[in-house]
Amino acid sequence: MTVLVDKSTQLIVQGITGRMASWITEDIQAYGTEVVAGVVPGKGGRTQAGVPVFDFVEEAMAATNANTCLVLVPPHTAREAIVEAVDAGIKLVVYPGDGLPIHDAVRLAKLAEERKVVFVGPNTPGVISPGLAKVGFMPSACYARGVLGIVSKSGSLSYEVCWRLSRAGIGQSTVIGIGGDPVRGLPLGDALSLLENDDETDAVLVLGEIGGTEEYDLASRVGNGKPLAVFMVGRSAPHGRRLGHAGALITGHSDTYEVKVRALQQSGIPVAKTLNEIIPLVRRLIARGGGKEG
Amino acid sequence: MSQLTEHLSKSLLAAWGLPIPLSESVRSPEQAVTVADRIGYPVMLKVQLPVVSRLRLGGVRRAENRDEAHEFSSTLFNSSFDELQPNSVLVEECMSVEQELYLGVTCNDRHRAHALIFSAGGGAALETHGQALNISIRPDGTLPTVPLRHHLQGMSLSTRAQAEVIRIAELLVRAYMASEARIVEVNPLGITVDGRVVALDARVVADVNALYRQPGLAALARQVAPRRPEDLVREQSRLEFVPLGGQIGLISGGAGMTMAVMDLIEAAGGQAACFLDCSANPTPSGFSSAINLVLRQPGVRSCLISIIGGLTLVDKVAVNFVDLIDAKRPPISFVFRLAGANAGRATQVLAQAGFKNYETIEEAVRAAVGTPGESAAS
């Protein structure tokens, strides 16, 4: 596979018969991604979006060459659906939903690590390799194929940034939504490693928010290969108030916007502080990476 | 996140075996006196509010006698702490404490593992105290006690107190794991002059996403009053709302983009009236609640509606807002930037109602910051 999703993606949609899930499935098919089956307990034997529905992931695996699961079920059944996919041998599971209990997120993160499975989510639009495959519900029109890899904690922000980049002729290799929950599956560092090892990616842009300590880990990655830059929102956010994602709470002094930006810049990572700083910064980044913009 | 008050936290943890001081929750200064008389002076008077740093906010007083119990509790009942006024005050026996410790159980988000945190010198000193001991909880939910035992041996604690601290650490871990909480914390855990170990304060923060399967904890969470306005809004209409005091209303989708737009508003010389993320409820009723919230913010003169739809079809969003604005006729101007799925159709819908759908967020922000309060609709 390229990074996570591409032409070899064979997708099972868990929860496919739900109203939103069937819409998302059709949108994914319209993008050219191959959906091979659906899994919905108790609805095996039906057809949805032109694909067979099974009661169990194991049955769907036996009948198809599925290698990826998109889990579109409510949060109180999500843990079991994801564990079922992992137990059946799926190596990439994407759970876009929000509302996953933190203790379930911890269990799933640990399981994914033990079984060497990539678990993307929760609370994310998913993963897209423009022009190749889409596993999620990001708006297709915002994306174009190119050489910039992107890792984002915010879905809405990734749509806006990719729309601007695509309009400016700067395409994307793979856009990975790691999600905005405090405990997530695929960590920021692992997502970066995937893009760093991808020969179709020349440079990487990270879309960050205030809160959390992962941004500091970026500082230690400079010099590992591909040029890296960050777009950090939250400059105007008031100290001490929770804004949106549970992870986006500024508490101690070390977490302020200014301190994080300075730390990144001092370790050689360019930081865009407003949306309109992104394009010029990315052009310089890709030039350093030695590739054309795509 | 859902924070229980001290009293509710102590009740929950006492049921698991946590030793707590003698106390009773009261709802008036008269009740405070009755209880204080019964417990015996001096007593501590502590506001029961889901706020952090009560001490720093003046929400904890010590009363030496009946007059002080009445006077101080009256003041507490009539004051605000971080914008919340207490419904209840906890009247508690004063403990004479020689040493203070910190014990907390939470999930280390970065390592994605539950851990016990222990520190000597609890209370307000925690933030400045460097050397916290961090013990990962085993996958089976139990606490490895050997690292804690080694650590306690190096401190000046009696053997009995050490054993008691370990017992308390284990029960806090059990309570945390069983209730799937976000944080379970005793700060400070006090060692009295006669060697007793007692929790002077306790805090349980529930995970709202787990409350559906934690009936006991959910029942306690429902008892927390008063609640922050933004918590009530979140519960009632599933909008994420934080008032910010500016004049530019903002209705947006997605926390990241909402923050990016707030930054742009500031850069354009304005200030957002609120952070308002309606991505969890992009429906007519959600948008209606959103408009109402914006209109309630003092000094609002315009409202920017910025939504990029992935799952959300923005032509439907346009129809919803046009209908709502037509029905409510709010006395402020509305500026739209709807992008993403079905954006083209959204532009048509808005144009028919006399609104422009700005192509870029920068243009929309400039329009919102620039326009004083006339309606943009023809």
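The values are calculated or read from the model by the stated rules, or taken from the named source; none is laboratory data. Small disclaimer: the values here were computed from a predicted structure and weren't measured. Here the Cβ is made from the backbone with ideal geometry for all residues, glycine too, and neighbour counts use every protein chain on show.
Okay, here's what the table says:
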{"quantity": "Qualifying residues in the stretch A:197-217 (those that are in contact with a Phe, Trp or Tyr (Cβ under 8 Å, 6 or more places away or on another chain) and over 15 Å from residue A:227 (Cα atoms)) - the one surrounded by the fewest Cβ atoms within 10 Å (Cβ to Cβ)", "calculated": "A:210"}
{"quantity": "Residues of the stretch A:4-51 that turn out to be more than 18 Å from residue A:129 (Cβ to Cβ) and touching an Asp or Glu at 6+ places or on another chain (Cβ under 6 Å), as a count", "calculated": "3"}
{"quantity": "Complete set of residues in the stretch A:140-168 that are within 11 Å of chain B (Cβ to nearest Cβ), surrounded by 24 or more Cβ atoms within 10 Å (Cβ to Cβ) and among the hydrophobic types (A, V, I, L, M, F, W, C)", "calculated": "A:142, A:157, A:161, A:162"}
{"quantity": "Of the criteria (1) more than 7 Å from chain B (Cβ to nearest Cβ); (2) of a type outside the set (Lys, Arg); (3) under 29 Å from residue B:341 (Cα atoms), which one residue A:189 fails", "calculated": "(3)"}
{"quantity": "The lone exception for residue A:180 - which of (1) at the interface with chain B (Cβ under 8 Å from one of its Cβ atoms); (2) in contact with a strand residue (DSSP E or B) (Cβ under 8 Å, 6 or more places away or on another chain) it fails", "calculated": "(2)"}
{"quantity": "When residues of the stretch A:171-196 are limited to those that are in contact with an Asp or Glu (Cβ under 6 Å, 6 or more places away or on another chain) and surrounded by fewer than 24 Cβ atoms within 10 Å (Cβ to Cβ), the one nearest to residue A:93 (Cα to Cα)", "calculated": "A:188"}
{"quantity": "Qualifying residue in the stretch A:68-75 (condition: assigned to a loop (DSSP other than H, G, I, E, B), in contact with a strand residue (DSSP E or B) (Cβ under 9 Å, 6 or more places away or on another chain) and either more than 10 Å from chain B (Cβ to nearest Cβ) or closer than 28 Å to residue B:180 by Cα (or both))", "calculated": "yes"}
{"quantity": "One residue from A:30, A:105, A:66, A:109 being hydrophobic (A, V, I, L, M, F, W, C) and farther than 27 Å from residue A:193 by Cα", "calculated": "A:30"}
{"quantity": "Number of positions in the stretch B:37-81 that are exposed (fewer than 14 other Cβ atoms within 10 Å of the Cβ), under 23 Å from residue B:224 (Cβ atoms) and of a type in the set (Lys, Arg)", "calculated": "1"}
{"quantity": "Residue list for the stretch A:144-154, filter: in a strand (DSSP E or B), over 12 Å from the mean Cα position of the chain (by Cα) and not β-branched (Val, Ile, Thr)", "calculated": "A:145, A:146, A:148"}
{"quantity": "Residue match in the stretch B:157-170 (condition: within 14 Å of chain A (Cβ to nearest Cβ), in contact with a helix residue (DSSP H, G or I) (Cβ under 6 Å, 6 or more places away or on another chain), at pLDDT 95 or above and assigned to a helix (DSSP H, G or I))", "calculated": "no"}
{"quantity": "Positions within the stretch B:266-279 being buried (at least 24 other Cβ atoms within 10 Å of the Cβ) and either facing chain A (nearest Cβ under 9 Å) or modelled with pLDDT under 90 (or both), in sequence order", "calculated": "B:272, B:275, B:277, B:279"}
{"quantity": "Residues (among the polar types (S, T, N, Q), within 14 Å of chain A (Cβ to nearest Cβ) and either farther than 24 Å from residue B:255 by Cα or touching a helix residue (DSSP H, G or I) at 6+ places or on another chain (Cβ under 6 Å) (or both)) located in the stretch B:310-361", "calculated": "B:342"}
{"quantity": "The stretch B:151-199, subset surrounded by fewer than 18 Cβ atoms within 10 Å (Cβ to Cβ) and of a type in the set (Ser, Thr, Tyr), residue nearest to residue B:19 (Cα to Cα)", "calculated": "B:192"}
{"quantity": "Residue that is farthest from residue B:98 (Cα to Cα) [pool: residues in the stretch B:129-151 that are at pLDDT 95 or above and of a type in the set (A, V, I, L, M)]", "calculated": "B:137"}
{"quantity": "Residue count for the stretch B:1-29, restricted to those that are surrounded by fewer than 19 Cβ atoms within 10 Å (Cβ to Cβ) and over 26 Å from residue B:69 (Cα atoms)", "calculated": "4"}
{"quantity": "Selection count where residues are part of a helix (DSSP H, G or I), touching a residue at least 12 places away in the same chain (Cβ under 8 Å) and within 11 Å of chain B (Cβ to nearest Cβ), scope the stretch A:101-139", "calculated": "9"}
{"quantity": "Filtered residues of the stretch A:155-199 (kept if polar (S, T, N, Q) and either part of a loop (DSSP other than H, G, I, E, B) or free of Cβ contacts under 8 Å to residues at least 24 places away in the same chain (or both))", "calculated": "A:156, A:193, A:197"}
{"quantity": "Residue satisfying condition, being modelled with pLDDT of 95 or more, within 24 Å of residue B:255 (Cβ to Cβ) and in contact with a strand residue (DSSP E or B) (Cβ under 9 Å, 6 or more places away or on another chain), within set A:106, A:117", "calculated": "A:106"}
